[in-house]
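Asker: Pasting in a structure now, in structure tokens, and then I'll have a few things to ask.
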Amino acid sequence: MRKSLGILLAIGLFLTGCTSKEVTYDPKNFNDYFLIGRDYQTLNQLTSMSAADLKIIANIADGMTETDSYGNKIGALAESWEHNDDFTVWTFKLKEATWSNQQGEVIAPVTAQDFVYAASYVLDPEMASSNAEYLFLFEGAKDYYEAKLNGQNPSFDMVGVKALDEKTVQYTMASGCPYLLSVLSCNGFYPICESFVKSLDNPASYGSLPEKTAYNGAFIIENHILDNELLMVKNENYWDKDKVNFDTITFKAVKDEESVFELFNRGEVSVAPLVSTQVITQFKKENPYLIQKDTEMMTYGIFFNNQTLYSEDVNKALSNEAFRQSIFYGFDRLALTELINPVNPKSIVNGTFCPTNFVKTSDGVDYTALEGLKQFSESDLFQLDKALTFKQQAQNELSKEGVTFPICLKIWSKSGDVSQAERMAMVKDILESNLGEDYINVELYEYTSSFREEALAKGDYAIHISGWNPDYADPINCLTVMKSDGTLNNFEKSTSQGSSHFKLEAFDRLVEEADQIVDLDERYKAFAKAETYLLEHAYYVPLYISGGTYELTTLNEFTRMHSQVGIDHFKYKGMQAFETPVTTSQYEALQKEWEKGQ
């Protein structure tokens, strides 16, 4: 299970290129990139959940709160706030801020009514917002949405979002919400300029073009050519413009991430992630500009489709706990992460569903180190002897049900995506080598355009590696998606929603009970108990966490908003860049200086 690294090293020896010391970069005009085919689809902050959209939206729109460079929640549009004892009523006072059009002209002040109108927009099924269910946190929001969905005309007065005056917003929650400050930095809770939206022929067209967008963020989109280039300029009317260090942000379309390296060497982009082969080459050359990024918040793992439409034997096997446990403990995670980070693969191995450094107790204990979860986060989950014991148990139990072996597990990758295909081939090798081809046969397939349409909707897969990135800092945002009616595990909508389809009544109860607790220490312990149940019964197999890869950059990463939840980490506000690439030693010095301020 270590042959992948040798292959990559061999390939890496043939790659050339390193950063030229003569190349300089403009620290006031930052150049970024996006992949061709992954241009933004909408600039509507209230409807989108797409990372391609949010990378732009985060810089042209502001919400109630944001994150500072140390991870603290601070006011964005909010000047101040207060809440009652049980966190069911929150009241926010707004700063003086304005809306601008694409020409940079002020068109309206930001008011409390903009937040109320935004909530009504999201909760209107005709607007097709991906964020509607998030607003069910507010009293009456779910009932209002469902009434609208059923063709009724309910009054928005029933929803707990009120404008007490021009600059005061009050939220009444469906239940105590001690984490609301984190929630409100999510784009689905942002305001929208009511007068501008109502001036459009169709409110649903808001954000479809830069000229059909109102701006209250740090930048304004000056020009956009689809799959070619997007130019943002500093918003001179921005309420906090003194903290915006870039005059322009230019996004250039590139065919693949491999090509970004050469653009960086020519000074045409200001940051360049490295693919595995490039990392190996530059590591062997002792490139002084090689920076390892921090790990992020998206956790990846194996989801089991226990309701396939191609094999009842597969369904019975994946519904059998011992079978799932054999995969849980028989999967060599390090062999897989070597393909992602060949230099330091152990740094991205992950053992839980919620990420590390996500939330901590009042005494600084990480959520993943709490009782129950600690056994998964702090130990090697690849335990082959244990896996083979579960294999024998599964064979005995399933044979009595008439199941024949090997179990055929179908897994898919995107056609043309060499890296993903290589990872799926490694998954096949890991499972068949460790557990035996007499037990498991992994079949590899490719989809051309959409996994959802070509595999998921047809029930034509058995295992699926997917990730989840929390939108706000509370375990409920992660664990809800694994409930029986969750986004990633959905018992009833087997061929249209969810990667797995287990009915988890005990888990559901544990999550719901935890969500009623407002004391954060006790709340986290209760959620840890729920997640422990999920992992102990192997309904999900954690593999690795995002980030931890290598890049070349001109950015001082310690001026970035220190958050991986919501969209704050996409914001360029506050960030500083240098004329030359950051060296490894310079990065370490910047990190030490940053740590002094914690």
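Asker: With the full set of protein chains in place, find how many percent of the accessible area of the chain is carbon and sulfur; take the probe as 1.4 Å.
Answerer: Of all accessible area on the chain, carbon and sulfur atoms account for 48 percent.
Asker: Also: How long are the three semi-axes of the equivalent ellipsoid for segment 120-194, computed from the Cα gyration tensor as the root of 5 times each eigenvalue, in whole Å, largest first?
Answerer: Each semi-axis is √(5λ); the values are 19, 14, 13 Å.
Asker: If Rh is defined by the Kirkwood formula over all Cα pairs and Rg also comes from Cα, what ratio Rg/Rh do you get for segment 83-142?
Answerer: Taking Rh as the inverse mean 1/r over Cα pairs, Rg/Rh reads 1.06.
Asker: With the crude spin-label approximation of a point 7 Å out along Cα→Cβ, what separation in nm comes out for Ile107 versus Asp417?
Answerer: Between Ile107 and Asp417, the simple spin-label model gives 3.6 nm.
Asker: Convert 20 °C to kelvin, take the viscosity as 1.002 mPa s, use the Kirkwood radius over C-alpha pairs of segment 398-468 as Rh, and evaluate the Stokes-Einstein diffusion coefficient in µm²/s, rounded to a whole number.
Answerer: Translational diffusion coefficient: 163 µm²/s.
Asker: Taking the chain on its own, what percent of its Cα-Cα pair distances exceed 44 Å?
Answerer: Above the 44 Å cut-off, the chain has 20 percent of its Cα pairs.
Asker: Consider a paramagnetic label point 7 Å from the Cα of Leu164 along Cα→Cβ; state which residues of segment 59-87 have an amide N under 16 Å from it.
Answerer: Answer for segment 59-87: 78-87.
Asker: Now for a different question. Between Gln393 and Thr248, what length in nm is gained on full extension when 0.36 nm per residue of separation is reduced by their alpha carbon distance?
Answerer: The Gln393-Thr248 span can extend by a further 46.1 nm.
Asker: Mind ranking 206-218, 387-399 by how tightly packed they are, going by the mean number of other C-beta atoms within 10 angstrom, highest first?
Answerer: Ranking the peptides 206-218, 387-399 by packing returns 206-218, 387-399.
Asker: Quick check: convex hull over the Cα atoms of segment 425-572, volume per residue in Å³, rounded to an integer?
Answerer: About 178 Å³ per residue, rounded to a whole number.
Asker: With the alpha-carbon atoms as the only input, what is the per residue convex hull volume for segment 517-598 in Å³?
Answerer: Residue-normalised Cα hull volume stands at 166 Å³.
Asker: Restricting the count to DSSP beta bridges whose residues both fall in the chain, what percent are antiparallel, rounded to a multiple of 5?
Answerer: Bridges in the chain are about 75 percent antiparallel.
Asker: Applying 1/(1 + (r/R0)^6) with R0 = 25 Å to the Cβ-Cβ distance of Asp485 and Thr361, what FRET efficiency is obtained, to the nearest 0.05?
Answerer: 0.30
Asker: Also, I was wondering about something else. Throw me the Rg/Rh for segment 277-429, computed over C-alpha atoms with Kirkwood Rh, two decimals.
Answerer: For segment 277-429, the value is 1.03.
Asker: Please report, to one decimal in angstroms, the Kirkwood hydrodynamic radius of segment 176-302 built from all distinct Cα-Cα pairs.
Answerer: The Cα-based Kirkwood calculation yields 18.8 Å.
Asker: Still on this structure, please answer the following. Leaving out ligands and nucleic acids, and using a 1.4 Å probe, what accessible area per residue does segment 125-209 come to in Å²?
Answerer: 44 Å²
Asker: Lys252: which aspartates and glutamates have alpha carbons under 16 Å from its alpha carbon, excluding same-chain residues fewer than 8 sequence positions away?
Answerer: Asp26, Asp32, Asp39, Asp53, Glu222, Asp227, Glu229, Glu262, Glu268
Asker: ³J(HN,Hα) across segment 200-212 via Karplus (A = 6.51, B = -1.76, C = 1.60, θ = phi - 60°), whole Hz, x for Gly/Pro?
Answerer: Result, rounded to whole Hz: 7, 4, 9, x, 5, 7, 4, x, 6, 9, x, 6, 9.
Asker: I'd like the FRET efficiency for Thr580 and Thr404, computed as 1/(1 + (r/R0)^6) with the beta carbon distance as r and R0 of 51 Å, rounded to 0.05.
Answerer: 0.20
Asker: Taking the Cα centre of each part, how many Å lie between segment 438-513 and segment 214-285?
Answerer: Cα centres, segment 438-513 to segment 214-285: 33 Å.
The values are calculated or read from the model by the stated rules, or taken from the named source; none is laboratory data. Everything numeric in this text was worked out from a predicted model, so none of it was measured. Methodologically, a virtual Cβ is constructed for each residue, glycine included, from the backbone with ideal geometry; neighbour enumeration extends over all protein chains shown. Ligands, DNA and RNA are stripped out before the accessible areas are found, and what is left, the full protein with its side chains, is counted by its heavy atoms. Shrake-Rupley method; radii C 1.70, N 1.55, O 1.52, S 1.80 Å.
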